[in-house]
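Inspection log for the structure reproduced underneath, given as structure tokens.
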Amino acid sequence: MSAQSPILARRPSQPKPSGWRNELRQAFRDPAALLAALKLDPEALGWEPGARFPMLVPRAFAARMAPGRPDDPLLRQVLPVGAERLAVEGFVSDPVGDGDSRAGRGLLHKYAGRVLLITTGACAVHCRYCFRQEFPYASEQGAAERWRTALDYIARRDDIEEVILSGGDPLMLDTARLAELSDGLARIGHLRRLRIHTRLPVVLPSRVTAQLCAWLAGLPWPVVVVIHANHAAEFDPNVDQALAMMRAAGAHLLNQSVLLAGVNDSAERLNALMQRSLAAGVLPYYLHLLDRVSGAARFEVSEPLALELHEQLRRELSGYLVPRLVREQAGADYKLPVL
Ligand SMILES: *Cc1c(COP(=O)(O)O)cnc(C)c1O
Ligand code: SF4
């Protein structure tokens, strides 16, 4: 590593211990406290203590939930319920077969030309339908060493053109750590694109700081940021501002959603989500069928209904506002279109 590296010279200075980290410390971790804040009765919601995947909800996200509404679509995505502990046939711990595609610890090389780098196991929100909740993150820790192994693998494979920073959520890392990682990637000549999969601009928009955007703007590749929002109500003026800052830094913004019963399983809600995303400068990318991970059965939408909703979107919306309806299948070469 040379001290004259232009990328090093662009590295942002140490972050001040403020803002988003503090907000994260104050996130709701106790379902009873979240429900009390929303003026809801825990018993009516089927909540039970002791979820395997603990609750985590930033206050900025909770603030967009409607008080007194047990069926709030944002609440439903994050509230642990007793039913999660029931075994349901077909719902398993590694539904997408990631356990089999580890090219090195924390690196998934499943599809041609691109690799997915698990930068951290941490997220700012715990989504109850997430297939990564069962991923053995403990063994994925040990960051510096792990990244070196991943970078070595990418450097050896000149067919890899794109690195996808994923997790967990890569923006849970401090900007200085992200800059270390991108410096390492910038030394690999065959990379052409960088992609970032993150839910933070939506659930903790204060993470999108001027410093983060300076880092984004200085990256030597086209950058695609794929956010994750499932319902129009996940957007608010703070989210809009965070997204506008990332666009101003040159990032292309896309959204991927999961089709979730009780959250967005109507043409009306999906239509509203696509329109609201566009208003925030974000085009739709994927609409995923649920990965059948243990505990998530209450979110499943049948395939015939998914197809019907997708067809309805095609009828109602401009082509570019219609997300690709896909399903992840272990062993497949790409995310399979649902037909
Ligand atoms: C989803 C995914 C990708 C990216 O696939 P795209 O179709 O390019 O969005 C890459 N690697 C893994 C392991 C994935 O799960
Ligand atoms: S933010 Fe993404 S990775 Fe984290 S729990 Fe939610 S869906 Fe899973």
Next on the checklist: What's the number of the only condition in (1) out of contact with any strand residue (DSSP E or B) (no Cβ under 6 Å at 6 or more places or on another chain); (2) closer than 30 Å to residue 181 by Cα; (3) not β-branched (Val, Ile, Thr) that residue 106 fails to meet?
Outcome noted: (1)
Next on the checklist: Among the numbered criteria (1) closer than 16 Å to residue 106 by Cα; (2) among the small types (Gly, Ala, Ser); (3) surrounded by fewer than 16 Cβ atoms within 10 Å (Cβ to Cβ), which one does residue 217 miss?
Outcome noted: (1)
Checklist entry - Would you say residue 275 is touching a helix residue (DSSP H, G or I) at 6+ places or on another chain (Cβ under 6 Å) and at pLDDT 95 or above? => result no
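Confirm whether residue 23 is of a type in the set (D, E, K, R) and more than 22 Å from the chain's Cα centre (by Cα). Let's see the steps before the verdict.
Numbers: of a type in the set (D, E, K, R): yes; more than 22 Å from the chain's Cα centre (by Cα): no.
No.
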Next on the checklist: Take the conditions surrounded by fewer than 20 Cβ atoms within 10 Å (Cβ to Cβ), modelled with pLDDT of 95 or more and within 15 Å of the chain's Cα centre (by Cα) and apply them to residue 243. Does it pass?
Outcome noted: no
Next on the checklist: Given (1) outside any loop (DSSP other than H, G, I, E, B); (2) open to solvent by 10 Å² or more (accessible area, probe 1.4 Å), identify the lone condition not met by residue 121.
Outcome noted: (1)
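If I go through segment 246-284 residue by residue, how many of them are small (Gly, Ala, Ser) and crowded, with 19+ Cβ neighbours inside 10 Å? Can you show your working first?
Taking segment 246-284 first, the residues small (Gly, Ala, Ser) are 248-251, 257, 261-262, 266-267, 272, 277, 279-281.
Filter once more, keeping what is crowded, with 19+ Cβ neighbours inside 10 Å: 249, 251, 257, 277, 280.
Within segment 246-284, residues that are small (Gly, Ala, Ser) and crowded, with 19+ Cβ neighbours inside 10 Å number 5.
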Checklist outcome for this item: Residue hits (segment 165-211; small (Gly, Ala, Ser) and part of a strand (DSSP E or B)) are 166
Checklist entry - Does residue 13 satisfy being modelled with pLDDT under 95, open to solvent by 80 Å² or more (accessible area, probe 1.4 Å) and more than 30 Å from residue 111 (Cβ to Cβ)? => result yes
Checklist outcome for this item: Residue set 68, 46, 82, 50; condition without any contact (Cβ under 8 Å) to a residue 24 or more places away in the chain, of a type in the set (Gly, Ala, Ser) and surrounded by fewer than 19 Cβ atoms within 10 Å (Cβ to Cβ); output residue 50
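Is it true that some residue in segment 159-171 is away from ligand 1 (no atom under 16 Å from the Cβ) and open to solvent by 20 Å² or more (accessible area, probe 1.4 Å)?
Scanning segment 159-171 turns up no residue that is away from ligand 1 (no atom under 16 Å from the Cβ) and open to solvent by 20 Å² or more (accessible area, probe 1.4 Å).
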Checklist entry - residue 336 is checked against (1) within 15 Å of ligand 2 (Cβ to nearest atom); (2) out of contact with any helix residue (DSSP H, G or I) (no Cβ under 8 Å at 6 or more places or on another chain); (3) aliphatic (A, V, I, L, M) and fails just one. What number does that condition carry? => result (1)
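Restricting the search to segment 193-207, which residues are more than 16 Å from ligand 1 (Cβ to nearest atom) and either surrounded by fewer than 24 Cβ atoms within 10 Å (Cβ to Cβ) or more than 16 Å from residue 118 (Cα to Cα) (or both)? Please lay out each step first, then the result.
So in segment 193-207, the residues more than 16 Å from ligand 1 (Cβ to nearest atom) come out as 200-207.
Passing the criteria: 201, 202, 203, 204, 205, 206, 207.
The values are calculated or read from the model by the stated rules, or taken from the named source; none is laboratory data. Remember, predicted model here, so these are calculated numbers, not experimental data. Note: ideal-geometry Cβ built from the backbone for every residue, glycine included; neighbour counts use all protein chains shown. Accessible surface is based on the protein model in full, side chains and every heavy atom, while ligands, DNA and RNA are left aside. Shrake-Rupley method; radii C 1.70, N 1.55, O 1.52, S 1.80 Å.
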